[in-house]
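The values are calculated or read from the model by the stated rules, or taken from the named source; none is laboratory data. It should be emphasised that the depicted structure is a prediction, and the values quoted were computed from it without experimental measurement. Cβ placement follows ideal geometry from the backbone for every residue including glycine, while neighbour counts extend to all protein chains displayed. Note: accessible area is taken over every heavy atom of the protein model, side chains too, but ligands, DNA and RNA are not part of it. Shrake-Rupley method; radii C 1.70, N 1.55, O 1.52, S 1.80 Å.
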Amino acid sequence: MFRDLREASETDVYTFDICIVGAGAAGIALAMELIGTPHKVVVLEAGGFDFDPDVQDIYRGVSVGLPYADLDTSRLRFFGGTTNHWAGYCSPIWAASFDKQPWVPYSGWPIGQTDISPYYDRARDLLKLEARGWDAAGGWDPEVVADSFGHPPFELDENASEPRAYVINPVRIAEVFREDIAQSENLTVFLNANLVEILVNEGANTVTGLDIRTLEGKKYVFTAKRYVLAAGGIENARLMLSSDSVIAQGVGNQSDNVGRYFSDHLDISAGSIVPADRGIDLQRYTRLPYGRESEAVIVNDLTLETQRQHELTSGHVRLRPIKDESTGARTLRQARRAVKRDGLGALGEHVGKVLSAAGDISEDAAAYLWYGQTPLKRIDVQFNLDAAPNPDSRVYLGDETDRLGMRRVVLDWQLSEIDTRTITWMNDWIASRVAVTGLGRFRLEVDPDAVLESVVWHYHNISTTRMADDPKAGVVDANCKVFGLSNLFVTGSSVFSTCGGGAPTFTIVAFAIRLADHLKKEAGK
Amino acid sequence: MTSYAIGRRAVLFVLAGGFPFAALSGQQAPSMAEAELAGKLVSLFDGNESAAVLGHYYLNGLEARPEPERLVGQILAHRGPANQIVDLERGALFNRLQSWIHQDFLSAQTVSLDGWVLSVTEARVFALIAVYRDKLA
Ligand SMILES: Cc1cc2nc3c(=O)[nH]c(=O)nc-3n(C[C@H](O)[C@H](O)[C@H](O)COP(=O)(O)OP(=O)(O)OC[C@H]3O[C@@H](n4cnc5c(N)ncnc54)[C@H](O)[C@@H]3O)c2cc1C
């Protein structure tokens, strides 16, 4: 059922078996797994059913490191959380990401891919992702996806890279599960319920309750046997750091790891290719329908051997064929965007023409006749990197406070030398492969002397309460329990030990389901 | 299109004493084979204004404009003497050039023109075309 905390009595006692903070991807997935169990479960959600600027303002923060998305516009603080505007790209974390890679500092997880893969099956159901080609051990088979697309492969570099499929369905989980939650008997979702402090005993080893407030200033204490933070990749850390009444550095922060290792996938518009053959069929690399509800896209991952050989972090390259604007049907909006970022520069036309003179290119009309499709204007090249773990990249509390009296977040996003090196290597690699495979010529848009300026975030807030097998190296253990606290758990991408290949939400949901199984088992003992 | 029309004109131009290398540099004229090969390389991009544009761009980026002989010499470096290459048919010469370009990309012998990553050999061929066109203009 749903309740509005603003209408609840401040003097009532609110006691549950399991208390979950936050109703985004993680909180809802966890709650859905606990519906129908004998446990009395509560979800405390800061927002209501819709966007409210006053509520959203609590998310405002400051960025002092590399430029990052505004913290109050990228994350969403209402029922459904940030999945109310996510893009829906899904892929499991790449198996090798779980292993320690000696050339990547702080790499490795305390669990392996087999510990999480069974939960991906259930996560796929929950996020309504196409089953065809799916295998929990390896994700969606890119060959199956590509076959369904029906376009021929283009081999960029079979030694250095391998294809990987993302399946896309930006399902609005708040809408999908709202009715189930409303009907459930053992689950209550309190809306407009903001956690402001995790209360702990004097030994700081047990959570005794949660200090919950409404924006209007009403105060409540919620108690439970077990508590789970599912408030998002930045807020999980903020809430732990803010809980400083008993220990000044915040709960679970005895090793000063809370808020550190902040990470995201890196999005780099590396440049554009002038194709030698404008009739080449690269449709296989575009985003196409896949199954009833999903779409899919195929990218090229750097192989583990390539990463090892050149001491790189993991990542992929995505080719985005752009059809000729003059012949394609384009909306005004698209046309404006194209003018803003053509990508070929002043010499692009000339590079195209010399490739043509070299006998490799077909004229627009011929391309159209021979291939039955609009000729390509260019192929944009996008890199997506898994930033290496970096303890200096961090979230901490600033001096400014919000309406709830909580200190606002400061984000100091940093990258590492290995990230820069990987981008530079990929630039050289792609320029060479584009020419050697006869695809065309590549124009680099990244300034080689200022590589980091080309980096854009993906809105994935990762690792601020990272999982480790040693309390000195992280915040939660392999079961997502906070080191040193008997009954506090964290879920969401903040527990990822590393960025991991793939977009995070699919794995967030898988981890939430795994945690639900763990809590059920623990509670049943 | 297998003719060497521009190439023949270039060679005639050379024979008439107007070979741009010598004219520009005032130095010792290149061998006949080098001159002829230069003409043939230029002719692979017959009528292609864009090659000259790229060539000028490349030349403008250099600290000093290289002597044309030097360009030919650089193109041929480690690739055998001009007289072993000059007799190739147009198609074969084109393929040879492509393989040089291919090798350049494999061994990171590239240059950047406004961000465009080109093989150093193709950039030098374009530069040769630019020089040749400047002289004809
Ligand atoms: C534009 C955009 C596009 C994206 N696209 C993708 C994509 O394609 N693929 C992908 O995998 N990911 C994507 N993401 C990221 C994805 O949205 C997040 O990974 C996901 O929503 C995280 O789930 P979560 O439950 O951990 O956090 P959230 O979804 O942020 O949910 C956290 C919830 O906790 C609540 N909360 C916060 N603080 C408190 C508090 N103190 N008390 C009570 N409740 C609280 C919030 O109101 C919110 O409902 C995208 C994000 C953005 C911004």
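Quick look at the values:
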{"item": "Residue in the stretch A:454-471 that is of a type in the set (S, T, N, Q) and away from the ligand (no atom under 14 Å from the Cβ) present", "result": "yes"}
{"item": "Failed item, numbered, when residue B:60 is tested on (1) at pLDDT 85 or above; (2) away from every other protein chain (no Cβ under 14 Å); (3) open to solvent by 70 Å² or more (accessible area, probe 1.4 Å)", "result": "(2)"}
{"item": "Given (1) of a type outside the set (A, V, I, L, M); (2) under 20 Å from residue A:32 (Cα atoms); (3) away from the ligand (no atom under 11 Å from the Cβ), number of the condition residue A:505 does not satisfy", "result": "(3)"}
{"item": "Among the candidates A:77, A:60, residue that is more than 14 Å from chain B (Cβ to nearest Cβ), open to solvent by 60 Å² or more (accessible area, probe 1.4 Å) and within 16 Å of the ligand (Cβ to nearest atom)", "result": "A:60"}
{"item": "Which listed residue is away from chain B (no Cβ under 14 Å), of a type in the set (D, E, K, R) and touching a helix residue (DSSP H, G or I) at 6+ places or on another chain (Cβ under 9 Å), from A:308, A:292, A:284", "result": "A:284"}
{"item": "For residue A:479: the one exception among (1) open to solvent by less than 30 Å² (accessible area, probe 1.4 Å); (2) modelled with pLDDT of 95 or more", "result": "(1)"}
{"item": "Extreme residue, nearest to residue B:115 (Cα to Cα), among residues of the stretch B:49-67 that are in a helix (DSSP H, G or I) and over 13 Å from the mean Cα position of the chain (by Cα)", "result": "B:57"}
{"item": "One residue from A:4, A:99, A:72, A:52 being under 30 Å from residue A:300 (Cβ atoms) and of a type in the set (Asp, Glu)", "result": "A:99"}
{"item": "Some residue of the stretch A:325-344 being within 12 Å of chain B (Cβ to nearest Cβ) and at pLDDT 50 or above", "result": "yes"}
{"item": "Top-ranked residue of the stretch A:80-106 - restricted to ones that are within 16 Å of residue A:265 (Cα to Cα) and open to solvent by 20 Å² or more (accessible area, probe 1.4 Å), ranked as farthest from the ligand (Cβ to nearest atom)", "result": "A:94"}
{"item": "Check on residue A:141, modelled with pLDDT of 95 or more and among the charged types (D, E, K, R)", "result": "yes"}
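Quick grid of which residues meet (1) open to solvent by less than 10 Å² (accessible area, probe 1.4 Å); (2) within 14 Å of the ligand (Cβ to nearest atom):
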residue: A:171; (1), (2): no, yes
residue: A:178; (1), (2): no, yes
residue: A:187; (1), (2): yes, no
residue: A:198; (1), (2): yes, yes
residue: A:203; (1), (2): no, no
residue: A:214; (1), (2): yes, yes
residue: A:220; (1), (2): yes, yes
residue: A:223; (1), (2): no, no
